[in-house]
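Everything on this sheet refers to the single structure shown next.
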Amino acid sequence: MKEILAFIEAKKQKFAQLPLLGFMQDKNIDPRKRLAWSPCAAPFIMGFGELNKYVFRDLTSSDPIQLLINQHTEEDDHHWLWFLSDIDKLGFDYSLRFSDSMKFLWSEATKTPRWVVHQLFRYALESDPLQKLVIIEVLEATGNVVFTNTAQVAQELQVITGNKYLYFGGFHLAVETGHATGTNDIENFLQTIEMNDIQHQAALQLAEKVFELITELVNALFAYVTTYDDQQAFMQPSTIDNAVIAA
Ligand SMILES: [Fe+2]
């Protein structure tokens, strides 16, 4: 596992160079705009809670790594509540008809966040506890980069608005340590996990694929935030053809 963690660390440095992260660091842009990709991330963030609750967690297992993962999921399965609270504080909590909110959540603009969460479900369902741990380590490494940046923006916004941002601010970052959480001395424990050659190769490939997915996600959020303004984002043409409905 030691080599896998080193691989993840190297990929994390590269991931930190993606344009969305530079966009969030650009103080010439209104801080609220720098977080205006968040509605597009909703399918991923909501799905991520369920990934923890229903796929990463396995209460029937006594495997020590699975027990560690179960602890981790207790921390990570409810952060979407903080996200919804911040959506309100950021002023993105528009009133929409139920059908319009469905059209947005299943629109082309939110396709990648949905797709990425489906793929994570697929990888996690095919994984043994050790492979799940590799997926979690990549998610934590990339999450740590994203939340380090959002916390900076949230700090700037807090000075302006007086609001405390639970999901985007330091509150969330404090529990997104960059590694699986909920177990004492986790970093040392991870270093001691041994793998055979086959496990090692599979873990490397899996880590690579999950980095690709999260890169795809972050790039889709960047495309969204640089394409739409806040209002327009919810008013795109539906992917449902009205002529089809009438027929
Ligand atoms: Fe989280």
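The values are calculated or read from the model by the stated rules, or taken from the named source; none is laboratory data. Bear in mind the structure is a predicted one, so any value in this text is a computation, not a measurement. Please note: Cβ atoms are built from the backbone with ideal geometry, for glycine as well, and neighbour counts cover all protein chains shown.
When restricted to residues that are surrounded by fewer than 18 Cβ atoms within 10 Å (Cβ to Cβ) and not in a helix (DSSP H, G or I), the range 30-48 contains 1. In the range 154-165 there is no residue matching the filter, namely being at positive phi, in a loop (DSSP other than H, G, I, E, B) and within 13 Å of the ligand (Cβ to nearest atom).
Is there any pair linking a residue in the range 145-170 that is more than 27 Å from Gln17 (Cβ to Cβ) to one that is within 13 Å of the ligand (Cβ to nearest atom) and among the hydrophobic types (A, V, I, L, M, F, W, C), with Cβ under 6 Å and at least six apart or on different chains, and which? Pairs found: Leu166/Trp82. Restricting Leu59, Leu51, Leu96, Leu90 to residues that are touching a residue at least 24 places away in the same chain (Cβ under 8 Å), aliphatic (A, V, I, L, M), surrounded by fewer than 21 Cβ atoms within 10 Å (Cβ to Cβ) and out of contact with any strand residue (DSSP E or B) (no Cβ under 6 Å at 6 or more places or on another chain) narrows the list to Leu96. Of all the numbered requirements in (1) in a loop (DSSP other than H, G, I, E, B); (2) within 16 Å of the ligand (Cβ to nearest atom); (3) at pLDDT below 95, Met195 misses one, and that requirement is (2).
For the range 168-186, the condition of being within 16 Å of the ligand (Cβ to nearest atom), at pLDDT 95 or above, surrounded by 19 or more Cβ atoms within 10 Å (Cβ to Cβ) and outside any helix (DSSP H, G or I) holds for at least one residue. The number of residues in the range 134-165 that are aliphatic (A, V, I, L, M) and farther than 16 Å from Pro31 by Cβ comes to 7. If you go through the range 36-66 and pick out every residue that is more than 14 Å from the chain's Cα centre (by Cα) and farther than 16 Å from Gln131 by Cβ, you end up with 6. If you go through the range 100-117 and keep only what is at pLDDT 95 or above and exposed (fewer than 13 other Cβ atoms within 10 Å of the Cβ), you end up with nothing. A single entry from Lys27, Lys11, Lys53 fulfils the requirement of being in a helix (DSSP H, G or I), more than 16 Å from the ligand (Cβ to nearest atom) and modelled with pLDDT of 95 or more: Lys11.
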